[in-house]
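Since the structure comes first, as structure tokens, the remarks are kept for the end.
The values are calculated or read from the model by the stated rules, or taken from the named source; none is laboratory data. The model shown is predicted, which means the values in this text are computed figures rather than measured ones. Here the Cβ positions follow ideal geometry from the backbone for every residue, glycine too, while neighbour counts run over all protein chains shown.
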């Protein structure tokens, strides 16, 4: 009886490890050029809102390049949904394909409001 229980326990542990590996494979990281990210308040606004979007697992903003790097679960969200999430907070986000340059740093807009 102990051998059967031990075998079942090993099978469950193996299955859990395989499931965890499959979940990691369903993650994607995309860098967005965010036109409306002009100051540290904008960065905080992005961090406060986008990081809590369904499926987002990691978020890194870089004010100097006006980019936000978002890691997300592909079964929970998509690039299109993330662009819409940026739009909801008043910012235009464009996915930057790997190997291409971001648009020139955006100039600060007059009358910038939060």
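Has region 19-33 got at least one residue that is in contact with a helix residue (DSSP H, G or I) (Cβ under 7 Å, 6 or more places away or on another chain), at negative phi and modelled with pLDDT under 95?
No; the residues of region 19-33 include none that is in contact with a helix residue (DSSP H, G or I) (Cβ under 7 Å, 6 or more places away or on another chain), at negative phi and modelled with pLDDT under 95.
Considering each residue of region 62-92, count those that are outside any loop (DSSP other than H, G, I, E, B), under 19 Å from residue 27 (Cβ atoms) and in contact (Cβ under 8 Å) with a residue 12 or more places away in the chain, and give that number.
Within region 62-92, the subset outside any loop (DSSP other than H, G, I, E, B) is 62, 67-73, 79-88.
If we keep only those that are under 19 Å from residue 27 (Cβ atoms) as well, we get 67-73, 79-83, 85.
From what is left, the residues that are in contact (Cβ under 8 Å) with a residue 12 or more places away in the chain are 67-73, 79, 81-83, 85.
Total meeting the criteria: 12.
Quick one: is residue 16 farther than 15 Å from residue 89 by Cα and at pLDDT below 65?
yes
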